[in-house]
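Before any comments, here is the structure.
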Amino acid sequence: MKPDALAAARTLLGSPRVTQALTEAIVGVALVTHAVRALVGWPGTIAIIAALVVLASASLASQPERTEWRGVLPLSLLALFSLLTVSIIWSQYTWATVGGIAYALAFGFLGVYIALVRDLIQLVRAVGNALRVILTASFVLEILSGVILDTPFTWIGITGDLALGGPVQGLAGTRNALGFLGALAVLSFWIEFRTRSVSRALTAYSLTLAAATIVLARSPVSLLVLLAVLVTGLALVVIRRQQPLARRATQSALLVAAAVFALIAWVFRSALISVVDAAADVAVRTSVWGSVRALIDQQPVLGWGWVGPWPTEVYPFSSVRSSSGFQPDSALNAYGDIWLQLGLAGLIVLVAALGLAFVRAWLVASDRRSTVYVWPALTLVLLATTSMTESYLLFEGGLLLFVTSAFAAARNRSWRRRLD
C-alpha cells in the first residue's frame with residue numbers, strides 16, 4: 001500500500017465517527033450473539049467476531065496515543081484470562097478448550113478496545129444506542145410472530161406469546177436474557193437522561209421501551225436483579241450527597257446492612273421465590289446445579305478445563321440434564337460454571353476480580369460529581385446478581401461489559417497511576 005493511502009486509512013480508522021460506529025457494532029453483536037448465531041450459524045458468527053477484532057486492532061493501531069502502560073488491563077482480570085488460557089494444559093477436551101480460549105480472548109480484547117478508545121459517557125451512549133436498536137427490533141419480531149402471523153419463530157427462540165401478555169424473548173432468545181437486557185437498558189437510559197446526552201423525547205421512548213421489555217419478559221430473575229440495582233443506586237445517591245468525612249461511616253453502615261440483608265434473603269429465600277413466581281425456574285436450576293456439583297467434586301481444584309459456552313456434545317457437559325430433560329448450554333450460575341471449568345482456583349480469581357472492580361467503581365462513583373460514574377458500579381451489580389442464576393458474566397456480552405466496567409473503574413483508581 002502506498003504511503004498516502006496508508007496514512008488515509010489510518011486517519012479513517014482512527015476517526016471519531018468510525019470509532020463510534022465500530023464500538024456500537026461491537027456492543028450490539030456482543031449483546032445479541034444468540035440472534036447472530038440463529039441467523040448465520042457458528043461459522044458466520046466466528047467470522048463476524050474475527051472481523052470486529054481485526055477492525056478494532058487496526059483502529060487501535062491508528063490511535064497509539066490511546067494506549068500507555070498505566071492503562072493496561074487490571075491485574076485481577078489478567079490473572080483470570082491467564083488462568084483460563086493455561087487450563088489447556090489439564091483440559092479434558094483440548095480442542096474445545098482452544099476454541100473457548102480464543103472466543104473469550106476475542107470478547108476480552110473487544111472490551112479493552114472500547115475502554116481505551118471511548119470515555120465513559122461515550123461508552124454509555126454506545127450501549128444505549130445498541131440497546132434501543134435491539135429492543136425495538138425485538139418488539140417488531142414479537143409483534144410479527146405473536147400478533148400478525150400468530151406463529152412462533154422457533155429458529156430464534158420466540159414463542160409468539162405477546163398477545164397473551166408474554167413472556168417474550170425477542171432477539172435475546174430467552175425471557176431471562178431479554179430481562180437482563182431490559183435491566184441494562186433502564187440503567188443506561190437513566191444515565192443518558194441524567195447527563196442530558198439525548199433529547200427528552202428519545203429518553204421517554206427509551207425508558208418506555210425498557211419498561212415494556214421488563215414487564216413483558218416476565219422474568220423473575222430480572223425483578224430481583226432490578227431490586228438489587230435500585231437499592232445500590234439509592235445508596236450511592238445518599239453517599240454522593242454527603243461530605244467526604246461522613247462517607248466512611250455511611251459506607252461502613254451500608255456494608256453491615258448489606259450483609260444483614262443478604263442473610264435475611266437467604267433465610268427467607270422460599271418466600272422470595274414465591275413472591276416473584278420463580279418456583280418453576282428454581283426447580284430447573286437446582287437440578288442443573290446438582291449435576292454440576294457432582295462434576296465439580298471430581299475435579300475440585302483446577303476444574304475440567306475452560307470451554308466457555310458449553311459444547312453440549314462434549315463430556316462432561318453432555319451428561320447434564322435439568323429436571324425437565326432440557327440440556328443446558330451453561331451451568332445457569334456463573335460462579336458454579338467457573339468452578340466446574342477452572343476449579344476453586346478459577347472461582348477465587350473471578351470473585352477477586354469482580355470484588356476489586358466493584359470496590360474501585362464504588363469509590364469512583366462516590367467521589368466524582370458526574371452521574372455517569374455510577375454506571376460501572378451498577379453494571380457490575382447487575383452482572384454479579386444475575387450471575388447467581390445465569391452465566392452471562394463469563395461469556396460474550398456479559399464478559400464484554402465486565403471487562404469494560406472493570407477497566408473504567410481501574411483507570412480512575414489504579415495504583416499504577418501513582419507511578420511515574
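Considering Ser138, Ser87, Ser76, Ser91, which residue is among the polar types (S, T, N, Q), within 29 Å of Arg196 (Cα to Cα) and surrounded by 18 or more Cβ atoms within 10 Å (Cβ to Cβ)? Break it down stepwise before answering.
Working: Ser87 fails: within 29 Å of Arg196 (Cα to Cα); Ser76 fails: within 29 Å of Arg196 (Cα to Cα); Ser91 fails: within 29 Å of Arg196 (Cα to Cα).
Criteria check complete, one pass: Ser138.
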Top-ranked residue in region 156-175 [being hydrophobic (A, V, I, L, M, F, W, C), assigned to a helix (DSSP H, G or I) and touching a residue at least 40 places away in the same chain (Cβ under 8 Å); ranked as farthest from Arg369 (Cα to Cα)]: Leu162
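Yes/no per residue for (1) among the basic types (Lys, Arg); (2) in a helix (DSSP H, G or I); (3) modelled with pLDDT of 80 or more; (4) crowded, with 16+ Cβ neighbours inside 10 Å:
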| position | (1), (2), (3), (4) |
| --- | --- |
| Thr208 | no, yes, yes, no |
| Ala211 | no, yes, yes, no |
| Leu226 | no, yes, yes, yes |
| Val229 | no, yes, yes, yes |
| Gly233 | no, yes, yes, yes |
| Gln242 | no, no, no, no |
Within region 58-69, tally of residues that are surrounded by fewer than 19 Cβ atoms within 10 Å (Cβ to Cβ), touching a residue at least 24 places away in the same chain (Cβ under 8 Å) and assigned to a helix (DSSP H, G or I): 4
Unmet criterion (only one of (1) farther than 23 Å from Val237 by Cβ; (2) part of a helix (DSSP H, G or I); (3) touching a helix residue (DSSP H, G or I) at 6+ places or on another chain (Cβ under 6 Å); (4) not β-branched (Val, Ile, Thr)) for Pro328: (2)
Test: residue in region 127-134 that is in a helix (DSSP H, G or I), under 19 Å from Ile214 (Cβ atoms), modelled with pLDDT of 90 or more and among the small types (Gly, Ala, Ser): yes
Among the candidates Val117, Val112, Val124, residue that is surrounded by 16 or more Cβ atoms within 10 Å (Cβ to Cβ) and modelled with pLDDT under 90: Val117
Filter result (crowded, with 24+ Cβ neighbours inside 10 Å and not in a helix (DSSP H, G or I)) within region 176-195: none
Set Val237, Val229: member being closer than 25 Å to Ser366 by Cα and free of Cβ contacts under 8 Å to residues at least 60 places away in the same chain: Val237
Qualifying positions in region 349-401 - outside any helix (DSSP H, G or I), of a type outside the set (Ser, Thr, Tyr) and within 18 Å of the chain's Cα centre (by Cα): Met388, Glu390, Phe395
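The values are calculated or read from the model by the stated rules, or taken from the named source; none is laboratory data. Since this is a predicted model, take the numbers as computed values, not measurements. We place every Cβ from the backbone using ideal geometry, glycine too, and count neighbours over all the protein chains shown.
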